[in-house]
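These notes are about the structure you will find just below.
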Amino acid sequence: MARKKQKKAKAASKKRARKVVKLAARKPAAKKANGNGHLPRPSSKPFGQDGKALTGVRILDFTHVQSGPTCTQLLAWMGADVIKVERPGVGDITRGQLVDVKGADSLYFTMLNHNKRSITIDSKHPQGKRVLDELIKKCDVLVENFAPGALDRMGLTWEHINKLNPRMIVASVKGFGPGPYEDCKVYENVAQCAGGSASTTGFREGPPLVTGAQIGDSGTGLHLALGIVCALYQRNRTGRGQKVLAAMQDGVLNLCRVKLRDQQRLKAGPLTEYSQYGEGVAFGAAVPRAGNDSGGGQPGWILKCKGWETDPDAYIYFITQAPVWQAICDLIGEPTWKTDPEYATPRARLPKLKQIFGRIEQWTMTMTKFEVMEKCNAVDIPVGPILSMKEIAEEPSLRKTGTVVEVDHPTRGKYLTVGNPIKMSDSISEVKRSPLLGEHTDEILTDVLGLKAAVVNEIKNSGALSAPKKEEKAA
Ligand code: COA
């Protein structure tokens, strides 16, 4: 009986094996609307020499300040033709903010507007509106981050745009999504506060803190860029555009996801990985500020290194990752901690983190942050030197990868910028200087709209592309 069963099972498994072979040998499935069957043959050109990821995509860039320009700069680095529409005479307000070289565009502007073309159009002038309508017909995406309602007040409502060009994607950054605050104007730190970052940043004893990383502006610009690229992909299937909204509050909250995690964990008891647990300080109703606690399952803290008395950045972030605990004990000269039940397990260490980091700090203070890094990395202990902006600007490896780039500019000369942080093997970014105000006005009217020189002159004479004259302004 048993043998019969075995035989049957063997036969079934043989059949299965045959089936696998058969499946693999089948002819490819019929072309699906959205499957690989749609793709052209793999390019035979060398990688990096067959255009860029967004070659052929044209963006009407109505962005200003930081959040929107971050998004369109990324899209430009990916190969999109980004046409920045600016108010005649003034341009993006950041051109004249935090000026360090008199008469030249500020670094604030130049560092957020690489690889774009600039056209000046008064969007409230009747002729200016007509030019914008024509550009809408020729572009794939309109990106804006005006105050709520400003685009509608220009007459560029979704309905208007969608009627002119049903394929156009209209992408916006706003401070808040629909709700009680939707009409508010928002800047970086407002978003950091409203998105949960400030309440969870800083030290327990101190006030909420904003962070230097521009998670509200640049972070939301990044979110918007992803939305745009996905909408472009969807358009390949549906043939139509859509609205894309990235609210700064939402973007910041997305980056603070782990803090909403902790908010819910509070119900189950104290957050044992926070050093306040080890210090015997009770938790309140909301996630507290965690100082330099790591926020993950591996405790960490910022420790002093040699020279900390005079160098504000002579510090290192040290993570006591459980698998390398033994190596840490050997390095710092506490070999007994490897087996001592008071220290040997992560659970035993949790209530003593302050004391443990104090002991590790005695060791890190005997060396520079780079020496600590060398010693720790040799035994796989994750550490992070606190790098100053000066050190980052001078770091040769970042220059080599194009993450820090030197750019030449006609009115300000050479300056450093941050290049595309996303590296692609078949879409290589080159960083080109930001445009001067209205530098490409003629070129865009001629090349993109195909207008004749006489028509361009007519539009110019109408005043739609230039700042109102002083007396008009005063009137
Ligand atoms: N021609 C004519 N008018 C133009 C123009 C052009 N080319 N470009 C802009 N304008 C006008 C707008 O139509 C608007 O006029 P209106 O209010 O009369 O309708 C005006 O310029 C100012 O726009 P606004 O966006 O309100 O600028 P602001 O300097 O007052 O506010 C922000 C700046 C950033 C607070 C606001 O734009 C905002 O909240 N944006 C959304 C959130 C955001 O991105 N914030 C982060 C910025 S880094």
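Quick look at the numbers
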| quantity | calculated |
| --- | --- |
| The chain pair-distance distribution - Cα-Cα, 10 Å bins, rounded % | 4, 15, 21, 20, 17, 13, 7, 2, 1, 0, 0 |
| Computed [θ] at 222 nm, deg cm²/dmol, the chain (DSSP H ≥ 4; -39,500 (n - 2.57); rounded to nearest 500) | -10500 deg cm²/dmol |
| Value of D in µm² per second that Stokes-Einstein yields for region 38-116, Kirkwood Rh from Cα pairs, at 10 °C (1.306 mPa s) | 112 |
| Mean projection area, nm², convex hull over Cα of region 359-424 | 6.5 |
| Accessible area (Å², per residue) of region 248-317, counting only protein heavy atoms and a probe of 1.4 Å | 53 |
| Straight-distance crosslink candidates among aspartates and glutamates, where the alpha carbon sits under 12 Å from Lys432 and sequence neighbours closer than 8 are dropped | Glu406, Asp408 |
| Accessible area of region 142-237 divided out per residue, in Å², using a probe of 1.4 angstrom | 50 |
| Cα-derived Rg over Rh, computed across region 71-132 with Rh taken as Kirkwood radius | 1.02 |
| Separation between Cα centres of region 268-345 and region 160-208, rounded to whole Å | 34 |
| Rg over Rh [alpha-carbon atoms, Kirkwood Rh] for region 83-211 | 1.05 |
| Burial ranking of peptide ranges 331-340, 360-369 (average Cβ count within 10 Å, highest at the top) | 360-369, 331-340 |
| Solvent-accessible ranking of Asp447, Asp426, Asp92, largest area first, probe 1.4 Å | Asp447, Asp426, Asp92 |
| Whole-angstrom gap from region 358-411 to region 87-154, using each part's C-alpha centre | 37 |
| Over 13 Å [Cα-Cα, region 340-380], rounded percent | 62 |
| Protein accessible area in region 91-216, 1.4 Å probe - carbon and sulfur % | 57 |
| Span-rule helices in the chain, defined as complete DSSP H runs reaching 30 Å or more along the axis (Cα) with Kyte mean at least 0.0 | 217-238 |
| Violating pairs (Cα-Cα greater than 32 angstrom) within the set Lys45/Lys243; Lys102/Lys423; Lys354/Lys400; Lys338/Lys423; Lys45/Lys163; Lys267/Lys354 | Lys45/Lys243; Lys102/Lys423; Lys354/Lys400; Lys338/Lys423; Lys45/Lys163 |
| Ratio Rg/Rh [Cα only; Rh per Kirkwood] for region 182-227 | 1.04 |
| For Lys174, residues with placed amide H under 5 Å, excluding near neighbours | Ala246, Ala247, Met248 |
| Principal axes of region 344-475: Cα extent on each, largest first, Å | 82, 44, 32 |
| Reference-scaled alpha-carbon Rg (2.2 N^0.38 Å with N residues) for region 273-325 | 1.37 |
| Kirkwood Rh (inverse of mean 1/r, distinct Cα pairs), region 178-309, angstrom | 17.2 |
| Carbon + sulfur, % of accessible area of region 360-452 - ligands and nucleic acids excluded, 1.4 Å | 57 |
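The values are calculated or read from the model by the stated rules, or taken from the named source; none is laboratory data. Predicted, not measured: the structure shown is a model, and the values here were computed from it. Every residue, glycine among them, receives a Cβ derived from its backbone with ideal geometry; neighbour counts consider all protein chains shown. In case anyone asks, the SASA skips ligands and DNA or RNA and just uses the protein heavy atoms, side chains included. Shrake-Rupley method; radii C 1.70, N 1.55, O 1.52, S 1.80 Å.
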